[in-house]
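Derivation of every value follows stated rules applied to the coordinates shown; laboratory data play no part. Since the model is a prediction, treat every value here as computed from it, not as a measurement. Cβ sites come from the backbone with ideal geometry, for glycine too, and all protein chains shown count toward neighbours.
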Amino acid sequence: MEQAPATVFEDLAQGVYLEGLAVDHERGVIWYSDVIAGGIHGVRADGTPVATLNPQRMWTGGILLNADGAVLSSGQGGIMWNHPGTGRSGWLIEELEGEPINGINEMWPDGEGGIFFGTNDIEMVIAARESRPTALYRLTQDRRVIPLARGLKFSNGLAFDPVRRSLYCSDTFGCAWAWDVASDLTLSRQRVLLAREDCDGLALDLQGNIWITGFRSPGIIRRVTPEGVEMDPAVTPPGSTTQVRFGGPDQRDIYITLVPADGGDSLKDGKPLSGSSRLCRGRSPVPGVLVVPADFALD
């Protein structure tokens, strides 16, 4: 088995419940969200604050960069965009199949300028009630919406491996799924990747393995081969990891968002959190896949 990453991490930022994570490799900014306190926050690799976007907006679960430097952020009502350099902002998508969007969670580029994304039931999350089924979609570069998969419990972390033609999704409260991806980016052969109910954010390393965070898995990030075989986990600081991303010139810098060990269940049940949340930076023994920007023409 592969050796797990070193356990030395440094804190870059703190918040209430940190989530959606993206690294702007060109500009050297790490963007993260605070789903409870609100806002999208940017810091340098040394923790120096850069900017705060949408400070009053809660429930942002996913962040992705656009090619022009704009920050795409999911959440209640759809996907917004904010350009830190110009101050401009707007909505990338507000409707699905003719209806206002309840919520969108994680996103991942589709390799053709658009994105894959999953919905979530923010209305029920706010009410601390069981979520209704969610789904996966693709938003093309020209903003056409294509349904891909339905009937998920709570779509969460996403990743597309174009080499192995596979899409992975954490279906929180269910399991992590894998699909084959056809040349037209449609999905087939849905199968269980990891049978755990706490699957949260995820990322890929350059060996093709999937790193899956778990809100009931304190102190580790589970690592799984594309065939679903569990490897030695990556060791993390105390708390549960909600998201993981790679960065740095050698692609071995690793950024994680940590919440209290009971944070995920506290959020689900509408209970106060038992502590604060952190953004941390460490080093990985294996390089990870850098998430490339989408390429939408924004107004």
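Numbers below:
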quantity: Sequence ranges 82-91, 101-110, ranked by mean other-Cβ count within 10 angstrom, highest first; calculated: 101-110, 82-91
quantity: Matching label, Rg/Rh (Cα atoms, Kirkwood Rh) computed from the structure shown, candidates (1) 1.07; (2) 0.92; (3) 0.96; calculated: (2)
quantity: Long-range amide H partners of GLY75 with built H, under 5 Å; calculated: GLY61, ILE104
quantity: Karplus-derived HN-Hα couplings along region 236-252 (A = 6.51, B = -1.76, C = 1.60, θ = phi - 60°), whole Hz, x at Gly and Pro; calculated: 10, x, x, x, 9, 7, 9, 7, 9, 9, 9, x, x, x, 9, 6, 10
